[in-house]
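Reading through the structure tokens given below for one structure.
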Amino acid sequence: MYTPETNPTKAALLTAVCTVMVFVPWTIFPLRTQPWALEIPAAGIIIACYAVFMIFSGIFTIICYSKFHVQNILMKICVVINLLYAIFGVAVLGMMAATAA
């Protein structure tokens, strides 16, 4: 079983990855200022990709926190934020699926 006490480098790496995942969804705002990103097929694809990434981020962060026992204060903050992102991503994909039908 993995514990961060035995390998602090892996714990620091996982924390860094989860921290970067907190900021990636905000990159949609500068991306959406481009005219091509506002057209119908591109807009749906971009939003769906970001939603899937947010769901993945939430699942990955929970796995790092619970299974790999990376439980420092920064990781606790990442868990809360990425879980909120994951919930929002599921809601967005659900709304997209409901309106597509």
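The values are calculated or read from the model by the stated rules, or taken from the named source; none is laboratory data. What you see is a predicted model; the values in this text were computed from it and never measured. In this analysis, Cβ positions are derived from the backbone assuming ideal geometry, glycine residues included, and neighbour counts consider all displayed protein chains. The accessibility values were calculated without ligands, DNA or RNA, using every heavy atom of the protein model including side chains. Shrake-Rupley method; radii C 1.70, N 1.55, O 1.52, S 1.80 Å.
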Estimated 222 nm signal from helices in the chain, with DSSP H stretches of n ≥ 4 weighted -39500 (n - 2.57), rounded to 500: -25500 deg cm²/dmol
Simple spin-label estimate for VAL80 and PHE56 in nanometres, 7 Å along Cα-Cβ: 2.6 nm
Under the Karplus relation 6.51 cos²θ - 1.76 cosθ + 1.60, θ = phi - 60°, what is the ordered set of whole-Hz ³J(HN,Hα) values for region 7-23, x standing for Gly and Pro? 9, x, 5, 5, 5, 5, 5, 5, 5, 5, 5, 5, 5, 5, 5, 5, 8
Tally up the carbon and sulfur contribution to the accessible surface of the chain as a whole percent, 1.4 Å probe, everything protein left in place. 80 percent
At 1.4 Å probe radius, can you tell me the per residue accessible area of the chain in Å²? 64 Å²
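Relative to the present Cα-Cα distance, how much length would full extension add between MET96 and PHE29 at 0.36 nm per residue of separation? Walk me through the numbers on the way to the answer.
Values: separation 67, 0.36 × 67 = 24.12 nm, distance 1.89 nm.
Between MET96 and PHE29, full extension yields an extra 22.2 nm.
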Please flag any cysteine in the chain that has no other cysteine's Cβ under 4.7 angstrom from its own Cβ. CYS49, CYS64
According to the Kirkwood expression over distinct Cα-Cα pairs, how big is the hydrodynamic radius of the chain, in Å? 14.7 Å
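Could you work out the relative contact order of the chain, using alpha carbon pairs under 8 angstrom and six or more residues apart, expressed as a whole percent?
Values: 85 pairs, mean separation 36.2, N = 101.
Rounded, it is 36 percent for the chain.
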